[in-house]
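Enquirer: Right, I'll just put the structure down here and ask away after.
The values are calculated or read from the model by the stated rules, or taken from the named source; none is laboratory data. Model, not experiment: these values are computed from the prediction. Backbone-built Cβ (ideal geometry, glycine too); neighbour counts: all protein chains shown.
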Amino acid sequence: MKETLETIIKNIVENQEAVSINEKAEADRITFEVKVAETDMGRVIGRQGKVANSIRTVMKALGSRDRKRVNIEFLD
């Protein structure tokens, strides 16, 4: 799942080297902490958060296959 999220994020941002994803796994929950360059944060979040919500929706669908709850946090 981390590879899928990384592919999605890297295709959105301009500075791909600044993308950092930290995965925290618990029993039935996975949390991804996503860090991108400050200049790319607007691209990842999108207008009114639509891009961020779309990314969360896709990742939650992937997590449901493994019966895991997926949470994505975009960090500054």
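Enquirer: When Ile55 is evaluated against the numbered criteria (1) touching a Lys or Arg at 6+ places or on another chain (Cβ under 9 Å); (2) at pLDDT 95 or above; (3) hydrophobic (A, V, I, L, M, F, W, C), which criterion, by number, is the only one it fails?
Expert: (1)
Enquirer: OK, next. In segment 10-25, what residues are under 23 Å from Lys68 (Cβ atoms) and either loosely packed, with under 14 Cβ neighbours inside 10 Å or out of contact with any strand residue (DSSP E or B) (no Cβ under 6 Å at 6 or more places or on another chain) (or both)?
Expert: Listed by number, the residues that qualify are Lys10, Val19, Ser20, Asn22, Glu23, Lys24, Ala25.
Enquirer: Would you please name the residue that is surrounded by the most Cβ atoms within 10 Å (Cβ to Cβ), looking only at residues in segment 41-72 that are under 16 Å from Gln16 (Cα atoms), within 13 Å of the chain's Cα centre (by Cα) and of a type outside the set (Lys, Arg)? Lay out the reasoning, then the answer.
Expert: Filtering segment 41-72 down to residues under 16 Å from Gln16 (Cα atoms) leaves 41-45.
Then keep just the ones that are within 13 Å of the chain's Cα centre (by Cα); that gives 41, 43-45.
Filter once more, keeping what is of a type outside the set (Lys, Arg): 41, 44-45.
Numbers: Met41: 16, Val44: 19, Ile45: 16.
Among those that are under 16 Å from Gln16 (Cα atoms), within 13 Å of the chain's Cα centre (by Cα) and of a type outside the set (Lys, Arg), it is Val44.
Enquirer: Tally time: how many residues in segment 9-24 are assigned to a helix (DSSP H, G or I) and in contact with a helix residue (DSSP H, G or I) (Cβ under 6 Å, 6 or more places away or on another chain)?
Expert: 3
Enquirer: Can Val70 be described as in contact (Cβ under 8 Å) with a residue 60 or more places away in the chain and either touching a His at 6+ places or on another chain (Cβ under 8 Å) or not in a helix (DSSP H, G or I) (or both)?
Expert: yes
Enquirer: Of (1) in a helix (DSSP H, G or I); (2) out of contact with any helix residue (DSSP H, G or I) (no Cβ under 7 Å at 6 or more places or on another chain); (3) in contact (Cβ under 8 Å) with a residue 40 or more places away in the chain, Thr57 satisfies all except one. Which?
Expert: It is condition (3) that Thr57 fails.
Enquirer: Do the conditions hold for Asp76, that is, is it surrounded by 14 or more Cβ atoms within 10 Å (Cβ to Cβ), touching a helix residue (DSSP H, G or I) at 6+ places or on another chain (Cβ under 8 Å) and modelled with pLDDT under 95?
Expert: no
Enquirer: Let me ask something additional. Can you tell me how many residues within segment 26-40 are surrounded by fewer than 12 Cβ atoms within 10 Å (Cβ to Cβ) and farther than 16 Å from Phe74 by Cβ?
Expert: The first filter runs over segment 26-40 and keeps only residues surrounded by fewer than 12 Cβ atoms within 10 Å (Cβ to Cβ), leaving 26-28, 38-39.
Filter once more, keeping what is farther than 16 Å from Phe74 by Cβ: 26-28.
Residues that pass the stated criteria total 3.
Enquirer: Taking segment 26-51 as the search range and keeping residues that are free of Cβ contacts under 8 Å to residues at least 40 places away in the same chain and not in a helix (DSSP H, G or I), which one is farthest from Arg69 (Cα to Cα)? Write out each step before concluding.
Expert: Here is the first cut: in segment 26-51, the ones free of Cβ contacts under 8 Å to residues at least 40 places away in the same chain are 26-27, 36-51.
Retained after the next criterion (residues that are not in a helix (DSSP H, G or I)): 26-27, 36-37, 46.
Values: Glu26: 10, Ala27: 10, Val36: 23, Ala37: 27, Gly46: 23 Å.
For segment 26-51, the residue satisfying everything is Ala37.
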